[in-house]
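The next block holds one structure in the form of structure tokens; read it before the comments.
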Amino acid sequence: MQQHSWRPVPPSAVGITLEQHIAQQMAMSPGATGHFTALLYQIMLAAKLVDARVRQAGLADVLGVTGDTNVQGERVQKLDVVANEIFCTMLKRGMRTCAIASEELDHAIVLDGGGRYAVAMDPLDGSSNIDCNVTIGTIFGVWRRRSESMERGHEGDLLQPGTALRAAGYIAYGSSTMFVYSTGPRFGVHGFTLDPHIGEFFLSHEDIRVPKRGNTYSVNEGNSSKWEPSMRRWVEHLKQEDSATQRPYGARYVGSLVADAHRTLVKGGIFAYPADTKSPKGKLRLQYEANPMAFIFEAAGGRAITGRAAAPGASNRVLEVVPESLHDRTPLVLGSPDDVDTFERLLVESGA
Ligand code: AHG
Ligand code: MN
Ligand code: MN
């Protein structure tokens with residue numbers, strides 16, 4: 001029988017929907033008021049709307065014969081702009097959000113109305129893969145607001161470290177559409193698959209645990225001439241034969257963080273986007289790419305580090321990085337605990 005890294009959901013005529021699951025989890029949280037549940041509901045709704053656009057993306061291109069107008073003569077908008085609009089609109093209308101940060105917006109949107117949560121998102125991750133029909137996604141992180149005493153939100157509500165996240169998740173628009181979220185290690189990580197016939201997400205991957213070790217590595221090796229030598233040594237190590245540690249590892253790199261992280265979460269292994277001479281701070285964004293993924297991986301028993309060996313007495317957890325601005329970047333290494341341990345050990349041994 002196939003072994004899974006999640007609890008298979010027992011067959012039943014009636015599946016558990018994402019909305020019901022969120023409600024069940026909130027019932028386990030003493031003092032929950034329903035605001036948070038309502039917020040996640042808006043995110044779920046936006047995900048369904050983006051999914052519908054993603055599924056039409058190829059068609060929109062065909063209909064947009066000139067490349068930028070469709071048959072109605074409307075401009076065909078870029079999918080990341082559309083996704084951003086959908087998420088922002090749903091979050092604003094839902095009235096639970098006080099501040100929004102997005103990869104598509106230079107500045108935070110701050111809102112009146114006393115919403116209790118701040119949301120950072122990458123509305124469409126992996127956009128270079130849209131044109132070739134490869135998995136893309138959405139990533140989000142949710143903080144409780146800091147500016148409690150104020151009606152209007154503040155950019156500072158979004159500049160909290162990953163350790164303060166209340167929830168994080170991603171949606172993968174792949175061969176099926178999946179919504180994966182966590183409200184922290186105590187509650188686990190759960191995956192839901194969209195049933196396109198009725199437009200509802202159903203629990204399909206209960207309590208996902210990242211395997212202790214995997215046998216794939218995921219990194220843009222085309223950048224290796226720009227890496228520090230320790231990175232190159234690590235990749236060479238993974239390519240060497242050693243049956244005890246299942247080496248050589250297979251290489252898998254989609255180029256959409258959502259897809260690469262999702263595969264790593266379910267099958268194990270390691271993903272890395274290190275600093276290099278072109279991107280000395282790494283490429284990925286701390287608040288809406290690295291932190292949400294780090295939160296999910298830690299909640300699933302994995303690790304997520306900044307790709308540097310920790311200085312004595314200091315931490316290299318991504319979740320502990322203190323953000324300075326909304327669009328900060330960070331190097332990111334995440335995956336199975338044993339694989340991240342090995343990465344760290346090799347870094348230390350090479351004195352990096
Ligand atoms: P986005 O499409 O939101 O800008 O993100 C792209 C990111 C991420 O999804 C992926 O891991 C990484 O860029 C790929 O970068 P390279 O093409 O440099 O490998
Ligand atoms: Mn991205
Ligand atoms: Mn993006």
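The values are calculated or read from the model by the stated rules, or taken from the named source; none is laboratory data. Quantities reported herein were computed from a predicted structural model and do not represent experimental measurements. Neighbour counts run over all protein chains shown; Cβ positions are idealised from the backbone, glycine included.
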Number of the exception - R233 against (1) more than 15 Å from ligand 1 (Cβ to nearest atom); (2) free of Cβ contacts under 8 Å to residues at least 60 places away in the same chain; (3) surrounded by fewer than 17 Cβ atoms within 10 Å (Cβ to Cβ)
(2)
Being buried (at least 17 other Cβ atoms within 10 Å of the Cβ), polar (S, T, N, Q) and either out of contact with any Lys or Arg (no Cβ under 6 Å at 6 or more places or on another chain) or not assigned by TED's automatic domain parsing to the domain that holds F271 (or both) is the filter here, so list the residues in the stretch 293-345 that pass it.
T306, T330, T342
State yes or no: is H205 modelled with pLDDT of 95 or more and farther than 16 Å from V340 by Cβ?
yes
Given the criteria within 21 Å of I305 (Cβ to Cβ) and in the same structural domain as H107 (by TED's automatic domain parsing), does Y170 qualify?
yes
Provide a single number: the residues in the stretch 255-292 that are within 8 Å of ligand 1 (Cβ to nearest atom), of a type in the set (A, V, I, L, M) and part of a loop (DSSP other than H, G, I, E, B).
1
Picking from G222, G169, G199, the residue that is under 21 Å from V266 (Cβ atoms) and of a type in the set (G, A, S) would be G169
Hey, does the stretch 110-120 have a residue that's within 16 Å of ligand 2 (Cβ to nearest atom), farther than 27 Å from L203 by Cβ and at pLDDT below 95?
no
Counting only residues that are away from ligand 3 (no atom under 14 Å from the Cβ) and either in contact with a Cys (Cβ under 9 Å, 6 or more places away or on another chain) or closer than 17 Å to F36 by Cα (or both), how many does the stretch 129-140 have?
0
If you scan the stretch 37-51, which residues turn out to be among the β-branched types (V, I, T) and in contact (Cβ under 8 Å) with a residue 24 or more places away in the chain?
I43, V50
Could you check the stretch 105-128 and list, in sequence order, the residues that are within 11 Å of ligand 3 (Cβ to nearest atom) and surrounded by fewer than 21 Cβ atoms within 10 Å (Cβ to Cβ)?
S127, S128
Take Y181 and tell me if it is within 16 Å of ligand 2 (Cβ to nearest atom), at pLDDT 95 or above and assigned by TED's automatic domain parsing to the domain that holds Q56.
no
